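The next block holds one structure in the form of structure tokens; read it before the comments.
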Amino acid sequence: MFFSEIKNFIQEKNYPEFQLKAVFFDMDGVLLDSMENHAKAWVRTMNDLSIPFTIEEAYMNEGRVGHDTINSAYMRAFGRVATVEEQESIYEIKTQHLETLGPILAMPRSTELLNKIKQQELAIYLVTGSGQPTLINSLDDYFPDIFVKDRMVTAFDVKRGKPSPEPYLKALNKSGLKPWEVVVIENAPLGVESSVAAGLFTIAVNTGPLDPEVLSANGANVVLIRGMQELFEKWDDFYACSVLVTH
Ligand code: CA
């Protein structure tokens, strides 16, 4: 199923070929089953401040760095963006709520998939809008010997977060690879938008409550409606197609 999508992608972009060398993973909602907790933490934080904010909104904002989510809620509630101090204190409250919401598990099949990709000798990168040190620093506990610091782009590394292409362009730059040598695994509409704007082949795994149509509408090259389980089942097919596709 992937061959025609890859072929269309390189023709549309006028890339010379597709030859997979690295996989760029988003974190929340892809590797970690964390989005329900993040969404609840955002709603509780905004409710504390009497700012209207829904679970669905949290999912629609997914992928943004924290201060962008805070600013858009502030604009709507107060007609202005939050000050830096407000952004910091609100993000701190969100972090505290997140920590009281209980443990976050790895997404089903994520460990098996990462190990398989490592065996295939593809480089593995993390590209996340998260600024939660607890989660980022514990990646090695979830997935031992997979992630290394110089193959990570987090909220601390970018000026403009997703949906800007900057996080994915930064990862591409770190990797020294061409845009036709990389696949991105994303789950959120704004994450897909960011990856597509960076010119990268994007597989969207639908792991949350949103309509998967949103992911196609934002430009995902492939949408897998059964999430990481489906990606794991189909990975070998994708890998076989992605070794070398030319015009
Ligand atoms: Ca995500």
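The values are calculated or read from the model by the stated rules, or taken from the named source; none is laboratory data. Computed from a predicted model, the values in this text were never measured in an experiment. As a convention, Cβ positions derive from the backbone with ideal geometry for all residues, glycine included, and neighbour counts pool all protein chains shown. When the accessible area is computed, the model is the full protein with side chains, heavy atoms only, and any ligands, DNA or RNA have been set aside. Shrake-Rupley method; radii C 1.70, N 1.55, O 1.52, S 1.80 Å.
Looking at this structure, is Val184 within 16 Å of the ligand (Cβ to nearest atom) and surrounded by 21 or more Cβ atoms within 10 Å (Cβ to Cβ)?
Answer is yes for this residue.
Does Thr134 satisfy the condition of being within 14 Å of the chain's Cα centre (by Cα) and either in a helix (DSSP H, G or I) or at pLDDT 95 or above (or both)?
Criteria not met by Thr134.
Whether any residue in the range 96-110 is closer than 26 Å to Asn173 by Cα, at pLDDT 95 or above and in the same structural domain as Phe238 (by TED's automatic domain parsing) is what I want to check.
Yes; the residues of the range 96-110 include at least one that is closer than 26 Å to Asn173 by Cα, at pLDDT 95 or above and in the same structural domain as Phe238 (by TED's automatic domain parsing).
Quick one: is Ser194 buried (at least 18 other Cβ atoms within 10 Å of the Cβ), modelled with pLDDT of 95 or more, over 24 Å from Ile117 (Cα atoms) and within 16 Å of the ligand (Cβ to nearest atom)?
So Ser194 fails the test.
How many residues, within the range 9-40, are away from the ligand (no atom under 16 Å from the Cβ) and within 24 Å of Tyr125 (Cβ to Cβ)?
Looking only at that region, the number is 12.
Would you say Asp150 is open to solvent by 80 Å² or more (accessible area, probe 1.4 Å) and farther than 23 Å from Lys170 by Cβ?
Taking the combined requirement at face value, the residue does not satisfy it.
Being out of contact with any Lys or Arg (no Cβ under 7 Å at 6 or more places or on another chain) and of a type in the set (D, E, K, R) is the filter here, so list the residues in the range 152-173 that pass it.
Once the filter is applied, which keeps residues that are out of contact with any Lys or Arg (no Cβ under 7 Å at 6 or more places or on another chain) and of a type in the set (D, E, K, R), the range 152-173 yields Lys159, Arg160, Lys170.
What's the number of the condition Tyr91 fails, among (1) closer than 23 Å to Lys170 by Cβ; (2) without any contact (Cβ under 8 Å) to a residue 40 or more places away in the chain?
Against the list (1) closer than 23 Å to Lys170 by Cβ; (2) without any contact (Cβ under 8 Å) to a residue 40 or more places away in the chain, Tyr91 comes up short only on (2).
Can you spot a residue in the range 167-180 that is at pLDDT below 95, closer than 16 Å to Phe24 by Cβ and either more than 15 Å from the ligand (Cβ to nearest atom) or part of a helix (DSSP H, G or I) (or both)?
Within the range 167-180, none of the residues are at pLDDT below 95, closer than 16 Å to Phe24 by Cβ and either more than 15 Å from the ligand (Cβ to nearest atom) or part of a helix (DSSP H, G or I) (or both).
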